[in-house]
Amino acid sequence: MKTLVVGLGNPILGDDGVGWKVAEEIEQHLPDDRSIAVDRLSLGGISLMEHLIGYDRAILIDAFASDEGLGSIHVMRLNDLPNYSAFHISSTHDTSLQNAIEMGHSLGAYLPEEITVVGITTKRIYDFSEELSPPVAEAIPQTVKIVLDLLKQTTH
């Protein structure tokens, strides 16, 4: 099963870079397995959908808006998320990832049937900084463990 792990965000906008940091850590823990690819992207909507073409499953890691405390970790299927603009899952100049996936399917693109989103609750997503806030940074090891566990489920 061909799987893509994508760390979303912008590494120079404070906590918005958490997806990239998690993806970097995951890469360090993966065996040499050609069925799992890891990428770091700063895009959403149609552009993100295009990166998912050819994969059976995808795991997206991103900063997440939530009323829960900073560093809280959320795991959900893309289809369970509201279909509106939120962080890098979509763009105000584009469309939601859900709509882009639907469009891709209608055009015959081979796209993952299962897309899991792992979100880390953040607040500082527009501060120019390469540093994460302490609660968000502390969530990285647990988030990495969650994603590695998800990968074990998808590869067997």
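Quick notes on this structure:
- Test result for residue 69, more than 27 Å from residue 148 (Cα to Cα) and either modelled with pLDDT of 85 or more or surrounded by 16 or more Cβ atoms within 10 Å (Cβ to Cβ) (or both): no
- Given (1) closer than 26 Å to residue 103 by Cβ; (2) open to solvent by 30 Å² or more (accessible area, probe 1.4 Å); (3) outside any helix (DSSP H, G or I); (4) out of contact with any Ser or Thr (no Cβ under 8 Å at 6 or more places or on another chain), number of the condition residue 50 does not satisfy: (3)
- The sole residue among 133, 96, 85, 90 that is of a type in the set (Gly, Ala, Ser), open to solvent by 30 Å² or more (accessible area, probe 1.4 Å) and modelled with pLDDT under 95 is 85.
- In the range 102-130, of all residues being under 15 Å from the mean Cα position of the chain (by Cα), more than 17 Å from residue 13 (Cβ to Cβ) and not hydroxyl-bearing (Ser, Thr, Tyr), the one that is most open to solvent (accessible area, probe 1.4 Å) corresponds to 114.
- Per the conditions (1) in contact (Cβ under 8 Å) with a residue 60 or more places away in the chain; (2) surrounded by fewer than 19 Cβ atoms within 10 Å (Cβ to Cβ); (3) in a helix (DSSP H, G or I), the sole criterion not satisfied by residue 79 is (1).
- Residue count, the range 21-46 (criterion: more than 20 Å from residue 11 (Cα to Cα), open to solvent by less than 50 Å² (accessible area, probe 1.4 Å) and not in a loop (DSSP other than H, G, I, E, B)): 1
- Exactly one residue out of 66, 42 is touching a Ser or Thr at 6+ places or on another chain (Cβ under 7 Å) and among the hydroxyl-bearing types (Ser, Thr, Tyr): that is 66.
- Scanning the range 127-147 for residues that are touching a strand residue (DSSP E or B) at 6+ places or on another chain (Cβ under 7 Å) and assigned to a loop (DSSP other than H, G, I, E, B) returns 127, 128, 139.
The values are calculated or read from the model by the stated rules, or taken from the named source; none is laboratory data. All figures in this text were calculated on a predicted structure; none of them were measured in a lab. Cβ atoms come from the backbone with ideal geometry, glycine included; neighbour counts cover every protein chain shown. Side chains are part of the model used for accessible areas, which takes the heavy atoms of the whole protein and leaves out ligands, DNA and RNA. Shrake-Rupley method; radii C 1.70, N 1.55, O 1.52, S 1.80 Å.
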